[in-house]
Amino acid sequence: RELFRQLAKSADMVLETFPPGFLEGLGLGYEDLRGSNPRLVFTSISDFGQTGPHRSFRSSDMVASALGGWMYVTGEEEDPPVKLAGSQAHMMASTYAAVSSMIALYRGAITGVGQHVDISLEEAAVSVSHICGVGKWLDDGIIPRRRGTGLFASVPSGAYPCTDGMVYLMVNRPLHWQALARWISEVTGNQEVLDPMFEGPSSTRQPYRELLDIFISDLTSQFTVEEIYHEGQRRHIAFTPVNTAAAVAQDGHLVERNYFVDLEHPGVGTLRYPGPAYRHSATPWRIACPAPAVGEHNREIYREELGVNEERLRALQEAGVI
């Protein structure tokens with residue numbers, strides 16, 4: 001605890017994911033630490049937040065996805081709900097923690113006062129599910145349902161077959177639908193797709209989505225993914241390739257922009273990393289080094305910054321503290 005307090009005295013930020021009240025019980029909560037470091041940003045990520053009736057409840061990525069509304073609309077209509085790929089609820093909570101912490105650090109640099117940043121996994125999941133969760137009900141009185149690869153709020157939408165793979169399509173605006181309908185008619189000779197009953201917002205086309213999926217598949221199945229993607233761009237229609245990881249690594253746009261970065265990784269050699277999501281002229285983004293290994297900088301921090309002597313350092317290591 002004393003070592004932790006010493007670290008917190010000079011730290012810009014403490015990031016913790018313990019259950020609410022755990023660090024306070026050790027005398028290491030935000031209120032315990034900010035006295036010796038008023039600028040400290042103390043960021044807590046927990047299942048249901050630091051306060052409220054559910055603060056002591058346990059959760060997981062799947063539980064947050066279910067309660068947040070994601071799983072209710074993911075999967076085929078006749079099947080059970082499906083978990084989203086990866087750990088997207090955890091990813092969103094982590095993203096909120098990063099952004100909120102940066103805002104708090106910026107404010108602290110100006111005012112000299114830190115903050116306790118309280119991130120709830122569940123709140124993060126709910127906040128990004130506006131098109132499938134309670135937001136859709138509050139805004140439009142609609143309860144979304146599972147529609148396979150399609151989105152309930154966007155009609156038509158979904159993954160469609162090409163000669164060499166799949167493309168994903170989203171249509172929301174009336175003009176986008178008109179552009180797509182004209183293209184389908186030009187290629188397939190289908191005149192029914194031009195019927196005015198399909199025009200207007202997505203809600204107008206909701207009863208006809210299965211029929212429209214057939215019309216769209218008739219179009220996409222005659223082209224390669226690249227052909228549909230680029231011609232769709234030219235016509236201002238939101239098509240995008242459904243890429244494998246290998247295809248992303250070979251994407252012509254990303255290659256041309258030098259997006260991927262080669263980095264030497266200790267014990268492994270050269271690895272290729274995803275690079276900058278944006279390029280600022282005055283403050284360029286870069287990867288300076290690989291992510292540090294656990295304990296990689298212990299000696300540097302404890303000896304040089306905190307002044308821990310060699311004897312105590314060895315004792316801490318033998319005790320498994322560091």
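The C-beta contact set for the range 59-77 (first residue free of Cβ contacts under 8 Å to residues at least 40 places away in the same chain, second residue β-branched (V, I, T) and assigned to a loop (DSSP other than H, G, I, E, B), distance under 8 angstrom, 6+ apart or interchain) comprises M71/V82.
Yes/no per residue for (1) touching a helix residue (DSSP H, G or I) at 6+ places or on another chain (Cβ under 8 Å); (2) in a helix (DSSP H, G or I):
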site	(1), (2)
G52	no, no
A66	yes, yes
Y72	yes, yes
L84	yes, no
A93	yes, yes
S100	no, yes
L105	no, yes
A109	no, yes
V113	yes, no
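What residue, among those in the range 91-117 that are within 15 Å of S44 (Cβ to Cβ) and of a type outside the set (A, V, I, L, M, F, W, C), is surrounded by the most Cβ atoms within 10 Å (Cβ to Cβ)? Taking the candidates together, the pick is G114. Taking the criterion of being out of contact with any Phe, Trp or Tyr (no Cβ under 8 Å at 6 or more places or on another chain) and either open to solvent by 50 Å² or more (accessible area, probe 1.4 Å) or under 23 Å from I143 (Cβ atoms) (or both), the residues of the range 162-186 that qualify are D164, M170, N172, R173, P174, L175, H176, Q178, R182, E186. Contact map, the range 92-103: first residue in contact (Cβ under 8 Å) with a residue 60 or more places away in the chain, second residue among the small types (G, A, S), Cβ cut-off under 9 Å, separation 6 or more or different chains; pairs are A97/S44; A97/A124.
Of the residues in the range 41-92, how many are of a type in the set (V, I, T) and modelled with pLDDT of 90 or more? Number satisfying all stated conditions: 5.
With respect to (1) open to solvent by less than 80 Å² (accessible area, probe 1.4 Å); (2) under 30 Å from L3 (Cα atoms); (3) not in a helix (DSSP H, G or I), the lone exception for E296 is condition (1). Residues in the range 124-147 that are assigned to a helix (DSSP H, G or I), surrounded by fewer than 17 Cβ atoms within 10 Å (Cβ to Cβ) and in contact (Cβ under 8 Å) with a residue 60 or more places away in the chain: V134, D140. Has the range 28-44 got any residue that is open to solvent by 90 Å² or more (accessible area, probe 1.4 Å), charged (D, E, K, R) and free of Cβ contacts under 8 Å to residues at least 60 places away in the same chain? Yes, the range 28-44 contains a residue that is open to solvent by 90 Å² or more (accessible area, probe 1.4 Å), charged (D, E, K, R) and free of Cβ contacts under 8 Å to residues at least 60 places away in the same chain. With respect to the conditions (1) part of a helix (DSSP H, G or I); (2) modelled with pLDDT of 95 or more, Y160 lacks only one, and its number is (1).
The values are calculated or read from the model by the stated rules, or taken from the named source; none is laboratory data. Note that this is a predicted model, so its numbers are computed, not measured. Note: ideal-geometry Cβ built from the backbone for every residue, glycine included; neighbour counts use all protein chains shown. With ligands, DNA and RNA removed, areas are computed over all heavy atoms of the protein, side chains included. Shrake-Rupley method; radii C 1.70, N 1.55, O 1.52, S 1.80 Å.
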